[in-house]
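The block underneath contains the structure these notes are about, expressed in structure tokens.
The values are calculated or read from the model by the stated rules, or taken from the named source; none is laboratory data. Remember, predicted model here, so these are calculated numbers, not experimental data. Reconstructed Cβ throughout: ideal geometry from the backbone, glycine too, with neighbour counts over all protein chains shown.
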């Protein structure tokens, strides 16, 4: 039996990657590596929600749940940008 798990992914990944790209214009001092770190920090602050198709998850969410997700993403990204910025300003040892 052959298994194909290529469709399985964390629901938040695409949302975070897209939002980091949007917010990157407000952070021109961030390098590509720093933006990747922002995405990792933000994703680590969110629960893992694995799906095969994003539309399947969106179909079953209430309006309140969608709002909570959007708020959680915003909070995680704010924290992540601040976290990475703060760490990048520290001198190397």
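The table below lists the values:
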item	result
Qualifying positions in segment 52-66 - modelled with pLDDT of 90 or more and closer than 21 Å to residue 20 by Cα	66
Residue among 69, 73, 16 that is at pLDDT below 95, in a helix (DSSP H, G or I) and buried (at least 17 other Cβ atoms within 10 Å of the Cβ)	69
Residue 49 in contact (Cβ under 8 Å) with a residue 24 or more places away in the chain, touching a strand residue (DSSP E or B) at 6+ places or on another chain (Cβ under 7 Å) and either surrounded by 12 or more Cβ atoms within 10 Å (Cβ to Cβ) or over 17 Å from residue 9 (Cβ atoms) (or both)	yes
Residues of segment 3-13 classified as part of a helix (DSSP H, G or I) and touching a residue at least 40 places away in the same chain (Cβ under 8 Å), total	2
Test: residue in segment 22-30 that is touching a strand residue (DSSP E or B) at 6+ places or on another chain (Cβ under 9 Å), part of a helix (DSSP H, G or I) and surrounded by 14 or more Cβ atoms within 10 Å (Cβ to Cβ)	no
Residue that is surrounded by the most Cβ atoms within 10 Å (Cβ to Cβ), among those in segment 31-41 that are touching a helix residue (DSSP H, G or I) at 6+ places or on another chain (Cβ under 7 Å) and within 15 Å of residue 86 (Cα to Cα)	38
